[in-house]
1. Longest span of the chain, sites excluded, free of chymotrypsin sites (Phe, Trp or Tyr not before Pro) in DSSP loop with at most 15 other C-beta atoms within 10 Å?
2. Taking the chain as the reference, fit the longest principal axis to its C-alpha atoms, fit the long axis of helix 14-49 to the helix C-alpha atoms, and give the angle between the two in degrees, 0 to 90, nearest 10.
3. Work out the P(r) tail for the chain: percent of alpha carbon pairs separated by more than 28 Å, whole number.
4. How much FRET efficiency would the formula 1/(1 + (r/R0)^6) give for Ile122 and Glu95, where r is the Cβ-Cβ distance and R0 is 30 Å, rounded to 0.05?
5. Can you pull the percent of the stretch 18-133's accessible area that's carbon plus sulfur, 1.4 Å probe, other chains left in place?
6. Starting from the 7 Å offset along Cα-to-Cβ, what nm value, one decimal, do you get for the label separation of Gln57 and Gln33?
7. Run the helix sum for the chain: -39,500 (n - 2.57) per DSSP H stretch of 4+ residues, divided by residue count, reported at 222 nm to the nearest 500 deg cm²/dmol.
8. Just to confirm, what accessible area per residue do you get for the stretch 28-133 at 1.4 Å probe, in whole Å²?
Amino acid sequence: TFNVKMDPRVKTSLKDLQLLNELSLKCYHYRLQIAGAMSQLISIRNKVESRKDPNLQWPHLQKEADSIFYSRAAPGAISFTSIDGSLARLINILEEADARPTSQVFESVKKITDDFNQLWLIWSGVLKKIETL
């Protein structure tokens with residue numbers, strides 16, 4: 001066995017280190033959900049496209065789903081791809097920090113959480129439509 005000790009040069013409190021960890025894990029779990037949804041979309045796309053009888057609703061639903069995942073609209077439009085990139089940057093910031101998260105980090109996590117939840121509701125609705133095909 002061995003003991004892990006805190007680097008004595010790090011003066012960050014345990015509470016602040018736990019906060020860094022919680023925020024990082026929150027971002028990581030959102031990234032996992034996005035990856036799962038992307039896999040789900042690819043699986044659905046393969047299944048629908050392998051059918052012999054074309055479904056007339058699929059092209060419209062595919063376009064709707066793609067707009068959720070890939071930002072091709074106006075700059076600043078949210079998509080799972082843009083959210084995933086922001087989450088990756090935030091995780092990097094949080095993992096490299098050894099101090100209490102800044103107010104900008106808290107604001108960024110809140111904005112990404114709000115954007116994610118908004119887009120997840122839209123994706124859930126599109127997924128229900130797709131499942132009826």
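The values are calculated or read from the model by the stated rules, or taken from the named source; none is laboratory data. Predicted, not measured: the structure shown is a model, and the values here were computed from it. In this analysis, Cβ positions are derived from the backbone assuming ideal geometry, glycine residues included, and neighbour counts consider all displayed protein chains. Each accessible area value is taken on the protein alone, full model and side chains, heavy atoms only, with ligands, DNA and RNA left out. Shrake-Rupley method; radii C 1.70, N 1.55, O 1.52, S 1.80 Å.
1. Details: sites that count: Phe2, Tyr70.
Excluding the exposed sites themselves, the longest stretch runs over 3-69.
2. It is inclined by approximately 20 degrees.
3. Of all Cα-Cα pairs in the chain, 35 percent lie more than 28 Å apart.
4. Details: r = 30 Å, r/R0 = 0.99.
For R0 = 30 Å, the calculated efficiency reads 0.50.
5. Percent of accessible area from carbon and sulfur atoms in the stretch 18-133: 56.
6. 2.5
7. Only helices count here, giving -25000 deg cm²/dmol.
8. Numbers: 6750 Å² over 106 residues.
Heavy-atom accessible area per residue stands at 64 Å².
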